[in-house]
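The values are calculated or read from the model by the stated rules, or taken from the named source; none is laboratory data. Model, not experiment: these values are computed from the prediction. Cβ: placed from backbone, ideal geometry, glycine included. Neighbour counts: every protein chain shown. These area figures cover heavy atoms from the full protein model, side chains too; ligands, DNA and RNA do not enter into them. Shrake-Rupley method; radii C 1.70, N 1.55, O 1.52, S 1.80 Å.
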Amino acid sequence: MRVFANPVGGGSLWFDNLATADGTPVAYDPQARAFLPMPPFCANRDVIGCNWIAPEEGAFCRSCAMTALAPDPSIPNAIPNWAKTEAAKRWVLDNLGRWHWFRPEDPGARPVFHMLAEGPTPVPMGHAEGVVTISVEEVDPVLVATRREALQEPYRTMIGHMRHEIAHMLWWRLSLRNDFLDAFRAMFGDERIDYRASLQYYFENGPPPEWRQYYLTTYASSHPHEDWAETAAHLLHLTDITDSFVASGLSMPQLPHAGWDPYSEPDPDRLIHIAASLSVGVNHVNRSMGLPDLYPFVLSNHARHKLAFVHGWLRRGAQGR
């Protein structure tokens, strides 16, 4: 994620800012990738703190307009949880916008989001034909820690959920192309195998013993659809970690040059090598504070090939190239 210029004075703005340091209201324009000091602001600005501009007064921004179902406000903490969830969605949509997904120049369908609060029963998150269902409860730190421990996950975040579930939607978009499915099946396997049966087998038996050689996570081993979604999410993790590192003015010997843009890098092997090298260093920094590793994963050769495959399709897929 970039660090942005203040449109009315000195200093910088971060992606989630609603105002400058001196209190001037600002909003983010995802088309210009810049902050503006004037309306129209999103209609959800006062409701959930959305800081994007809108096409006209009283309208929703590009991101909020994708939310067809909002959580039941009578459920405790539903609105503050929804606000944090929408913030994660804006972050990931802007990431994907760097590769032209879901911007005006993208001719394809946009995702439709169902943002649901959990009552007595959990909300199953997932994707079906363009509809992404998200449990806003998944921003609650106690619930996240409980589920992460129960599922033996190395990390669990709302940005991670968004990247994973939107990746399913991206697969659905790409599967409408004549040239995608054969290439996908050659890399990930045949997604036509029974999905429910595969997941049931995974949850009952766990991943195969050699999963680290072929997959980024244990869950990726459950089915080709999940392998794609996990790989695409990790490509976004690695690209945006690297972009945020560069945007913060930090440097390392592996960077090609000053001002290098990871999202514009055409060589996936170079991007993955730089991101992996950077992550090792940042993991070491986190340990100095007793914190978990920022990126607690090992990239096998098979995983790198899959990341490169996804990189190629996501960089060119939105505009049909």
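Kindly provide the set of residues from region 1-55 that are among the polar types (S, T, N, Q) and in contact (Cβ under 8 Å) with a residue 12 or more places away in the chain, ordered by number.
So the first thing to find is which residues in region 1-55 are among the polar types (S, T, N, Q), and the list is 6, 12, 17, 20, 24, 31, 44, 51.
N6, N17, T20, T24, Q31, N44, N51, listed by residue number.
Which pairs have Cβ atoms under 8 Å, sit 6 or more apart or on different chains, and link a residue in region 265-286 that is without any contact (Cβ under 8 Å) to a residue 60 or more places away in the chain to one that is part of a helix (DSSP H, G or I) and of a type in the set (S, T, Y)?
L271/T239; L271/T242; I274/T242; A275/T239; A275/T242; L278/T242
Can you tell me how many residues in region 96-110 are on the phi < 0 side of the Ramachandran plot and open to solvent by 10 Å² or more (accessible area, probe 1.4 Å)? Walk me through it before giving the result.
First pass over region 96-110, keeping only residues on the phi < 0 side of the Ramachandran plot: 96-99, 101, 103-110.
After this cut, where a residue has to be open to solvent by 10 Å² or more (accessible area, probe 1.4 Å) as well, the list is 98, 103-105, 107-110.
Residues in region 96-110 being on the phi < 0 side of the Ramachandran plot and open to solvent by 10 Å² or more (accessible area, probe 1.4 Å): 8 in total.
So, L69, is that one closer than 22 Å to R110 by Cα and modelled with pLDDT of 95 or more or not? Break it down into steps so the answer makes sense when it comes.
On the way: closer than 22 Å to R110 by Cα: yes; modelled with pLDDT of 95 or more: yes.
Yes; evaluated as a whole, the condition is true for this residue.
Just checking, how many residues over region 144-164 are charged (D, E, K, R) and loosely packed, with under 14 Cβ neighbours inside 10 Å?
Going residue by residue through region 144-164, those that are charged (D, E, K, R) are 147-149, 153, 156, 163.
Subsequent filtering for residues that are loosely packed, with under 14 Cβ neighbours inside 10 Å retains 149.
Within region 144-164, residues that are charged (D, E, K, R) and loosely packed, with under 14 Cβ neighbours inside 10 Å number 1.
Please go through region 178-191 and pick out each residue that is farther than 12 Å from W313 by Cα and either outside any helix (DSSP H, G or I) or among the aliphatic types (A, V, I, L, M) (or both). Before you say what the answer is, go through the steps one by one.
Filtering region 178-191 for residues farther than 12 Å from W313 by Cα gives 178, 182, 185-191.
Listed by number, the residues that qualify are N178, A186, M187, G189, D190, E191.
All but one of (1) more than 24 Å from F245 (Cα to Cα); (2) of a type outside the set (G, A, S); (3) modelled with pLDDT of 95 or more; (4) open to solvent by 70 Å² or more (accessible area, probe 1.4 Å) hold for W14, so report the exception by its number.
(1)
Being closer than 15 Å to R45 by Cα and either open to solvent by 60 Å² or more (accessible area, probe 1.4 Å) or in contact with a Cys (Cβ under 7 Å, 6 or more places away or on another chain) (or both) is the filter here, so list the residues in region 61-90 that pass it.
Within region 61-90, C61, R62, C64, A65, P80, K84, E86 qualify.
When the residues of region 298-320 are filtered to those that are in contact with a helix residue (DSSP H, G or I) (Cβ under 9 Å, 6 or more places away or on another chain) and modelled with pLDDT under 95, which remaining residue is nearest to N95 (Cα to Cα)? Walk me through how you get there before you give the answer.
Residues of region 298-320 that are in contact with a helix residue (DSSP H, G or I) (Cβ under 9 Å, 6 or more places away or on another chain), as a first pass: 298-315, 317-318.
So of that shortlist, the ones also modelled with pLDDT under 95 come out as 298, 315, 317-318.
On the way: V298: 23, R315: 12, G317: 15, A318: 13 Å.
Of everything passing the filter in region 298-320, R315 is nearest to N95 (Cα to Cα).
Select, from L93, L116, L36, the only residue that is open to solvent by less than 20 Å² (accessible area, probe 1.4 Å) and of a type outside the set (D, E).
L93
Do any helices (runs of 4 or more DSSP H) lying entirely in region 216-321 carry at least 3 residues that are of a type in the set (A, V, I, L, M) and open to solvent by 30 Å² or more (accessible area, probe 1.4 Å), and which ones are they?
Numbers: elements: 224-247, 268-287, 301-317.
Correct list: 268-287.
Please work out if P76 is at pLDDT below 95, in a loop (DSSP other than H, G, I, E, B) and over 29 Å from A19 (Cα atoms). Give the steps one after another, and end with the answer.
Numbers: at pLDDT below 95: yes; in a loop (DSSP other than H, G, I, E, B): yes; over 29 Å from A19 (Cα atoms): no.
It is false that P76 is at pLDDT below 95, in a loop (DSSP other than H, G, I, E, B) and over 29 Å from A19 (Cα atoms).
Can you name the condition, by its number, that P104 falls short on among (1) over 13 Å from the mean Cα position of the chain (by Cα); (2) more than 18 Å from S63 (Cα to Cα); (3) modelled with pLDDT under 95?
The single condition P104 does not satisfy is (2).
So which residues in region 177-194 are open to solvent by 40 Å² or more (accessible area, probe 1.4 Å) and touching a residue at least 40 places away in the same chain (Cβ under 8 Å), if there are any at all?
Correct list: R177, M187.
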